[in-house]
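The values are calculated or read from the model by the stated rules, or taken from the named source; none is laboratory data. On a predicted model such as this, the values are computed, not experimentally measured, just so you know. Glycine also receives a Cβ, built like all others from the backbone with ideal geometry; neighbour counts cover every protein chain displayed. Please note that ligands, DNA and RNA were not included when accessible areas were found on the heavy atoms of the full protein model with its side chains. Shrake-Rupley method; radii C 1.70, N 1.55, O 1.52, S 1.80 Å.
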Amino acid sequence: MTSQWEAALEALRNGECVAVLDGEEREGETDLFFPAASLSPASLRLLRTQAGGEMYMSVGHEVASAFGLPYIGNVLALTEVSAKFPVFQYMEKSKGEMCQGSCSVGVSLDHRTTKTGAPDVERSYTCRRLAELFQEVKEMETSVDASQRRFGEEFHTPGHIFLCVENGKGLSVRTGHTELSIALANAAGVTPVMVGCVMLSNDGDDFGALRPAPARAWAASRNIPFLTGSEIVKHVLG
Ligand SMILES: O=C(CO)[C@H](O)[C@H](O)COP(=O)(O)O
């Protein structure tokens, strides 16, 4: 029988969905993921209608490095920013990349050719294009400077997809959905850019995140591979 791990890698190679529960001790949330490189508008619709939470694009550390993409918390923590916009002196900011909270968040963006950036057809194009552009600059061994310029020619910020940036040491220091999804992409051999969305409850008075048991049952009913954070860590780090 195929294991959930093998099924997940196969699904990603085929551009299909996988479900990842980070862990009860962490968020205790299940996020659905598709590989960005082959993301279709229909896949994006599935994330929006079946998961329903915030949609984001996890980018591997090498992708962020290739384009010089920062963590937004580090940008907002700059003294120049607080001097000009004093509210940022007072707001708590996730700095660095190692905390388990929302510190992996980067900038938001849209592809420049989109009209508003919001529809499924436009958001999926934004995601696909980022993954494609990374492959292009990687294969051509483009300098960081030239890669950043190409990135700027294609994307504007702010936009309708926010980035989550993998830390440089991966799962050994952080086991967020950001690192878990990129570890899966690397294991599957697909471009390390993944599009994720957290599953929320649609059940009566429960306005929280979808609990692990119904999330697992939903995935099983659709033949979508379901993995926990600890299973992924075990497979990747041994
Ligand atoms: O909850 C989420 C989105 O709404 C995601 O889990 C989050 O954005 C990814 O971050 P992390 O790596 O901290 O899990």
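For R13 and A220, what does the FRET efficiency come to when R0 = 22 Å and r is the distance between their Cβ atoms, rounded to the nearest 0.05? Please report the intermediate quantities before stating the final value.
On the way: r = 21 Å, r/R0 = 0.94.
Result of the calculation: an efficiency of 0.60.
If I require 30 Å or longer along the helix axis, counting alpha carbons, and a Kyte-Doolittle average no lower than 1.0, what helices from the chain are left? Use full DSSP H segments. Before the final figure, lay out the partial values.
On the way: long enough: none.
Both cut-offs are met by no helix.
Can you give the accessible area of R149, probe radius 1.4 Å, in Å² rounded to 10?
140
Springs between alpha-carbon atoms under 10 Å, Gaussian network over the chain: tell me which of E122, E139, E27 tops the mean-square fluctuations.
E139
Towards the positive end of the charge dipole of the chain, with charges on Cβ (+1 Lys, Arg; -1 Asp, Glu), say which of I161, V20, A220 has the farthest Cα.
I161
Rounded to whole Hz and in sequence order, give me ³J(HN,Hα) for segment 79-93 from the Karplus expression 6.51 cos²θ - 1.76 cosθ + 1.60, θ = phi - 60°, writing x for Gly and Pro.
Taking θ as phi minus 60°, the curve returns 4, 4, 5, 5, 5, 7, 10, x, 4, 6, 5, 8, 6, 6, 10 Hz for segment 79-93.
Which one of A11, A64, F207 has its Cα pushed farthest toward the positive end of the charge dipole of the chain, where Lys and Arg give +1 and Asp and Glu give -1 at the Cβ?
A64
Heavy atoms only, probe 1.4 angstrom, no DNA, RNA or ligands counted: give me L237, L210 ranked by accessible area, highest first. Write down the numbers at each step before the final one.
Details: L237 95, L210 30 Å².
Final ranking, largest accessible area leading: L237, L210.
Restricting to bridges with both residues inside the chain, how much of the DSSP beta-bridge set is antiparallel, in percent to the nearest 5? Please report the intermediate quantities before stating the final value.
Numbers: 21 of 28 bridges.
Once the DSSP bridges in the chain are tallied, antiparallel ones form about 75 percent.
Go ahead and collect, in residue order, the members of segment 112-126 whose backbone nitrogen is under 16 Å from a label point 7 Å along the Cα-Cβ direction of E139.
Of the residues in segment 112-126, none has backbone N under 16 Å from the label point off E139.
Please report how far the C-alpha centroid of segment 138-198 lies from that of segment 42-114, rounded to the nearest whole angstrom.
Segment 138-198 and segment 42-114 have Cα centres separated by 11 Å.
Would you work out which of M194, S124, F151 lies farthest towards the positive end of the dipole of segment 115-238, given +1 charges on the beta-carbon of Lys and Arg and -1 on that of Asp and Glu, about the Cα centre?
Checking the options against the dipole of segment 115-238, the answer is M194.
Build a GNM of the chain with springs between Cα atoms under 10 Å: which of A64, A185, A77 gets the top mean-square fluctuation?
Comparing A64, A185, A77 in a Gaussian network model of the chain, the most mobile one is A77.
With +1 on the Cβ of every Lys and Arg and -1 on the Cβ of every Asp and Glu, and nothing else charged, how large is the dipole of the chain about its Cα centre, in debye rounded to the nearest 20? Intermediate results must be reported in sequence, preceding the final value.
Details: 21 positive and 30 negative charges, 64 e Å.
Here the chain has a charge dipole of around 300 debye.
What lysines sit close enough to K84 to cross-link, taking a C-alpha to C-alpha distance under 30 Å and skipping anything fewer than 8 places away on the same chain?
K93, K95
For C164, list long-range residues whose amide hydrogen, built 1.01 Å from N in the peptide plane, is under 5 Å from its own amide hydrogen.
It is M57, S58, V59, G106, by chain and number.
Could you work out which residue, out of T191, T113, T228, moves most in a Gaussian network model of the chain, that is, has the largest mean-square fluctuation with Cα springs under 10 Å?
Judging by the Gaussian network model, the answer is T113.
Enumerate the residues in segment 213-232 having an amide nitrogen under 16 Å from the point lying 7 Å beyond the Cα of S201 toward its Cβ.
Within reach of a label on S201, which here means backbone N under 16 Å from a point 7 Å along Cα→Cβ, segment 213-232 contributes 213-218.
Checking the a/c ratio against 1.5 first, then a/b against b/c, what shape does the Cα gyration tensor give for segment 105-238?
Details: a/c = 2.29, a/b = 1.37, b/c = 1.67.
Verdict is oblate for segment 105-238.
Rolling a 1.4 angstrom probe over the protein chains, ignoring ligands and nucleic acids, what is the accessible area of H156 in square angstrom, nearest 10?
Per-residue accessible area (H156): approximately 70 Å².
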